[in-house]
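Step one of this worksheet: look at the structure below.
Quick note: the coordinates plus some simple rules give every number you see, no bench work behind them. From a predicted model like this one, the values you see are computed outputs, not experimental measurements. As a convention, Cβ positions derive from the backbone with ideal geometry for all residues, glycine included, and neighbour counts pool all protein chains shown.
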Amino acid sequence: MTRSLPPLNPLHVFEVASRLGSFTKAAQALGVTPSAVSRQIAVLEAFLNIRLFHRGREGNTLTELGVRYYQNIAPGFEMISRATDRITRGHDAKPLDLRVPSTFAVQFLIPRLSQFRLEYPNIRIRITTGFGPADFVRELVDISIEVSAADLPPSRGIHLFQNWVQPLCSPHLLSGANPLRQIDDLLQHRLLFSSNRPTDWQDWVAAIGRPDFMLDKAEMIEFPNSMLANQAAADGVGIVIGQIPLLGKDFSSHPLVPLFSPPVRQGSYYAVWQEGTEASPKARKFVAWLQRQLVPLLSAASEADARDEREVVSLRR
């Protein structure tokens, strides 16, 4: 059986006008003119073939049938309103799903999450780690923090910071028996890198104009992520090819010394969302907060680049 439903927009206008007791107040609530309210109610009256309102110079009042009809439909609108509130609150309560590289998560994001919670107590965050482009179709991801060599369009992501790489080592290693006065001296040390970034050393020697440097002759040690590679370098295991912006805190406490200045550019970090969609309001709040948190980190990286020349070995063959 088909339902006997009146035109829904005129029905909504009738409910608002009846509840507020005025075409003028209904017009203000709905963002239309009083004459538009009157026309919509006339459409409903024509459909029902009954008079719902008495029109007069003193105003518009419900007829007896109008009162009865309003009393019957009002609970339905109230139920719709409550159901909408419930589903909207449930949607807002859904966590913001973030996908971030493990090093970025441990060295930067996690220590600052308590501050985010203070500023945005109603936004819950759920974190997974991963490197490389996210598969937004298969993965449960709202925002992915990624490195891209190419500039991403504003419709695809928001730029966070430029990434720079440079060899880094422990001060103890720098003062050890094997000198580090020129690029070729690197062959006397273990070279550390992350399996997530397997070409960093090759990219670096190419960028400084040393494609002839014999990396195949070096002792290379691979780590599952940059965080472990950085820690091994701080412990004197070898020389890591490190991402300068993510080491601002480490530089300030001097556990790692940059070698062969200046660093070389290697893409940028972006906050990325699914192509063809828009970032949700809470995702944009998170990204804006993240950008504010990055300001002191990037300043620390700039200060590290200007360290005392006694701790930075000049770039030369």
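What's the angle, to the nearest 10 degrees (0 to 90), between helix 64-92's Cα axis and the longest principal axis of the chain? It is inclined by approximately 10 degrees. Compactness of the range 127-174 is given as radius of gyration and Dmax, 15.5, 47 Å, from Cα positions.
A Stokes-Einstein calculation at 20 °C with viscosity 1.002 mPa s, built on the Kirkwood radius of the range 8-92 over Cα pairs, returns a diffusion coefficient of 159 µm²/s. Amide H contacts for G130 (H built 1.01 Å from N in the peptide plane; partners 5 or more residues away or on another chain; cut-off under 5 Å): V100, S102.
Mean residue ellipticity at 222 nm, helices only, the chain: -12000 deg cm²/dmol; runs of at least 4 DSSP H residues each add -39,500 (n - 2.57), and the sum is divided by the number of residues. Other residues lying with their Cβ under 14 Å from the Cβ of R126 contribute a combined charge of +2, Lys and Arg counting +1, Asp and Glu -1. Residues I127, I143, I87, arranged from fewest to most other Cβ atoms within 10 angstrom of their Cβ, appear as I87, I127, I143. For the pair R265 and N178, the difference between a 0.36 nm per residue extended length and the Cα-Cα distance amounts to 28.5 nm.
Computed from the Cβ-Cβ distance with R0 of 51 Å, the FRET efficiency linking I221 to N122 stands at 0.70. Note on R292/A206: beta-carbon distance plugged into 1/(1 + (r/R0)^6) with R0 of 45 Å gives a FRET efficiency of 0.80.
Shown for the range 175-249 is the translational diffusion coefficient from the Stokes-Einstein equation, using the Kirkwood radius over Cα pairs, a temperature of 25 °C and a viscosity of 0.890 mPa s: 191 µm²/s.
A simple spin-label model places pseudo-atoms 7 Å from Cα toward Cβ; at L152 and T33 they are separated by 4.7 nm.
Label-to-label distance for L48 and S114 is 6.1 nm, based on points extended 7 Å past Cα in the beta-carbon direction.
Projected onto their three principal axes, the Cα atoms of the range 97-314 cover extents of 55, 32, 25 Å, largest first. Here the range 266-286 and the range 129-180 have alpha carbon centers that stand 16 Å from each other. The E278 and Q71 beta-carbon pair, evaluated with R₀ = 35 Å, returns a calculated FRET efficiency of approximately 0.25.
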